[in-house]
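Working notes for the structure below.
The values are calculated or read from the model by the stated rules, or taken from the named source; none is laboratory data. Keep in mind the model is a prediction, meaning the values are calculated, not measured. Because the Cβ atoms are built from the backbone with ideal geometry, glycine has one as well, and the counts that use them run over all protein chains shown. Heads up: the accessible areas ignore ligands, DNA and RNA and are worked out on the full protein's heavy atoms, side chains in. Shrake-Rupley method; radii C 1.70, N 1.55, O 1.52, S 1.80 Å.
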Amino acid sequence: MGLFGMAGKDIGVDLGTANVLVTIKGKGIVLREPSVVAVNKLNGEIVATGQDAKEMLGRTPENIKAIKPMMNGAIADLNATSMMIKNMMHKVSKEYNVGKPRFVVGVPSGITEVEERAVEEAFFQCGAREINLISEPVASAIGAGLNIFSTSGKMIVDIGGGTTEVAVISYGEIVSSTSIKVAGNAIDKAIADYLKRTQKFNIGLSTAEYLKIQIGCAKPLVADITEEIKGSNTETGLPMSLVISSKQINEAIQDCINEIVEAVINTLAVTPPDLVSDIMENGIYLAGGGALIRNIDNLIAEKTGVQTFIADEPLDCVAIGTGKSLENIQKYRKVFLNNKSR
Ligand code: ADP
Ligand code: MG
């Protein structure tokens, strides 16, 4: 192994509330797993992470609990987060010879110092020689292809699982931002609540997510689409199946969608006027899985009067952004939150 191999790979990580993505310089995205950990309640041991753990959510045997440690955009459970990081990095290092890697890790913009230290420690325990944290909206903007170093203001709206982050970036810095806890998870819950209320129909959150992805829309569709799903009757408890329309899902998620639009409008309201006029020119960019909700771009454009674009590969923007920063680390160093070496 040459010197280069000894030094280890450059690895980018998106520590999202719904999904963790890992990218290796020169290889692209090598891991994509739900941010879920399954733990044995009796001895605290980790039973599974990622997809395997997600399948246990809502149907776990008694002595196992499945947790989403990044649930609300902050780290709800430090210990579980650190176990998740180690477990996922273990999966990566089983397949790739990563040596002692240098990491760039996208973290929620609201992360506390204690959480930062915990994330860094987890990566050092995975053999990191260097770790750099980057704020998620900044990584997302880089991944969406925006030139964050230009002085011209750019707006990125990242609609993830736990949070929607709206940020205006100019000259590599976040000038104004809003973070709300209304995003994919809240939308799933709104769908389940709506069907319970209006149809006496009980469904789990993963079925609600399925409906959102298949037929969800932020504005009614020109041609309504439907999907048949299974659940149970709230009164009799008996199984039933029902055909649900995109119009119903649109109604169900209206309040959540409005809050997201409000967050965009409120951020524009506190942004210096010169940067607002830049955004008028440059447009608003949507990233995160929520950017894929049908018509959300049209709705935001209509409510703000600013043309709105969905980033290519919205689910991958943060991971791609961390990867791009590793390709030219000298240039991007100034946007990292911190840098630690061991
Ligand atoms: P995070 O960064 O918080 O981990 P992601 O950007 O990975 O979140 O997005 C996850 C969210 O996006 C989930 O709530 C998921 O249901 C939602 N999502 C994924 N694909 C779609 C789609 N095609 N339409 C609507 N929502 C989607
Ligand atoms: Mg994200």
Sorting ILE148, ILE29, LEU299 by the position of each Cα along the dipole of the chain (Lys, Arg +1; Asp, Glu -1; all at Cβ), the one nearest the positive end of that ordering is ILE29
Nearby lysines by direct alpha-carbon distance to LYS340 (threshold 22 angstrom, same-chain neighbours under 8 apart not counted): LYS9, LYS25, LYS86, LYS100, LYS324, LYS331
Rounded percent of accessible protein surface that carbon and sulfur make up, the range 228-342, 1.4 Å probe: 50 percent
What nm distance separates the two modelled labels at PHE149 and ILE265, each placed 7 Å from Cα along Cα→Cβ? 3.7 nm
Carbon and sulfur atoms: what percent of the 1.4 Å accessible area of the range 95-161 do they account for? 48 percent
Given contacts defined as C-alpha pairs under 8 Å and at least six residues apart, what's the relative contact order of the range 189-316, whole-number percent? 23 percent
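If you filter the range 33-100 for trypsin sites (Lys or Arg not before Pro), then keep DSSP loop positions with at most 10 other Cβ within 10 Å, what is left? Write down the numbers at each step before the final one.
On the way: sites: LYS41, LYS54, ARG59, LYS65, LYS86, LYS91, LYS94; in loops: LYS41, ARG59.
Here the trypsin sites (Lys or Arg not before Pro) that fit, given the DSSP loop and packing criteria, are ARG59.
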Counting heavy atoms of the protein chains only and a 1.4 Å probe, report the per residue accessible area for the chain as a whole number of Å². 45 Å²
Counting only protein heavy atoms and using a 1.4 Å probe, what share of the accessible area of the range 25-83 belongs to carbon plus sulfur, as a whole percent? 46 percent
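Output the antiparallel fraction of DSSP beta bridges having both residues in the range 199-342, as a percent to the nearest 5. Before the final figure, lay out each step's value.
Working: 9 of 13 bridges.
Percent antiparallel among DSSP bridges in the range 199-342 is about 70.
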Please give the calculated 222 nm ellipticity per residue for the chain, where each DSSP H segment of at least 4 residues contributes -39500 (n - 2.57) and the sum is spread over every residue; nearest 500 deg cm²/dmol? -12000 deg cm²/dmol
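Beyond a 28 Å Cα-Cα separation, which of these cross-linked pairs lie in this structure: LYS230/LYS303; LYS247/LYS303; LYS212/LYS303; LYS68/LYS247?
On the way: LYS230/LYS303 35 Å; LYS247/LYS303 20 Å; LYS212/LYS303 22 Å; LYS68/LYS247 30 Å.
Where the Cα-Cα span goes over 28 Å, the pairs concerned are LYS230/LYS303; LYS68/LYS247.
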What is the antiparallel percent of DSSP beta bridges lying wholly in the chain, to the nearest 5? 70 percent
Out of LEU268, THR322, GLN254, whose Cα points farthest toward the positive end of the dipole of the range 242-323 (charges: +1 Lys, Arg; -1 Asp, Glu; placed on Cβ)? GLN254
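So, with +1 on the Cβ of K and R and -1 on the Cβ of D and E, and no other charges, what is the size of the charge dipole of the chain about its Cα centre, to the nearest 20 debye?
Working: 34 positive and 39 negative charges, 193 e Å.
Charge dipole, the chain, about its Cα centre: 920 debye, nearest 20.
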Label-point separation, GLN214 to GLU173 (7 Å along Cα→Cβ), nm: 4.9 nm
The aspartates and glutamates whose Cα lies under 13 Å from the Cα of LYS154, excluding any fewer than 8 residues away in the same chain, are GLU173, ASP274, ASP278, GLU281
At a 1.4 Å probe radius, which order do TYR96, TYR194, TYR210, TYR171 fall into by accessible area, largest first? TYR171, TYR210, TYR96, TYR194
Descending semi-axes in whole angstrom, ellipsoid equivalent of the range 1-149, from the Cα gyration tensor: 26, 19, 14
Looks like the chain, by Cα gyration tensor root eigenvalues a ≥ b ≥ c and the a/c under 1.5 rounded cutoff (else prolate when a/b is bigger than b/c, oblate otherwise), is oblate
